[in-house]
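The values are calculated or read from the model by the stated rules, or taken from the named source; none is laboratory data. Everything quoted here is computed from the prediction, not taken from an experiment. Every residue, glycine among them, receives a Cβ derived from its backbone with ideal geometry; neighbour counts consider all protein chains shown. Quick note on the areas: whole protein, heavy atoms, side chains included, nothing else; ligands and nucleic acids left out. Shrake-Rupley method; radii C 1.70, N 1.55, O 1.52, S 1.80 Å.
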Amino acid sequence: MVVQVELSDDETDRVFHALAAATRRDILRRTIVAEQSVSALAAEYDMSFAAVQKHVAVLEAAQLIVKRAEGRERLVRADPVMIARARALLARYEELWRARIDRLDALLAEPSGRTHDDPSTTEREQGD
């Protein structure tokens, strides 16, 4: 099975939107641990069943969870493939920021704020 790692812009938008709400992050956390019914999820929140269903729908649209029917119940579980893809996206952002910080650290470590390409640095200073 080939897993697509790169998220499209639309998928990225849906994932970040889904993770923007604490309730949705909690639902995702709970469904990573174990598959749960929407009713069981709703019982844990001080909101209506319909409101929880809407949160589940946002997570489902972002493909962070998978919902299936079992009899009259709707069971929800986290989708580890999409979570891995979202994690990979965040790791790439982290790499970009770490590279920027490393470049800034290197720049700040230069003596007197001069760089090797600084035309005001004389040959004698470079040779010392």
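A few comments on the model shown:
- VAL38 touching a residue at least 60 places away in the same chain (Cβ under 8 Å) and among the hydrophobic types (A, V, I, L, M, F, W, C): no
- Count of residues meeting criterion [in contact with a strand residue (DSSP E or B) (Cβ under 8 Å, 6 or more places away or on another chain) and within 24 Å of ASP9 (Cβ to Cβ)] in segment 57-96: 7
- Filtered residues of segment 72-87 (kept if outside any helix (DSSP H, G or I) and open to solvent by less than 60 Å² (accessible area, probe 1.4 Å)): LEU75, VAL76, ALA78, ASP79
- Restricting attention to segment 98-110, the residues that are assigned to a helix (DSSP H, G or I), surrounded by 10 or more Cβ atoms within 10 Å (Cβ to Cβ) and of a type outside the set (A, V, I, L, M) add up to 4.
- Inclusion of ALA69 among residues that are assigned to a helix (DSSP H, G or I) and either of a type in the set (D, E, K, R) or farther than 18 Å from PHE16 by Cβ (or both) is not warranted.
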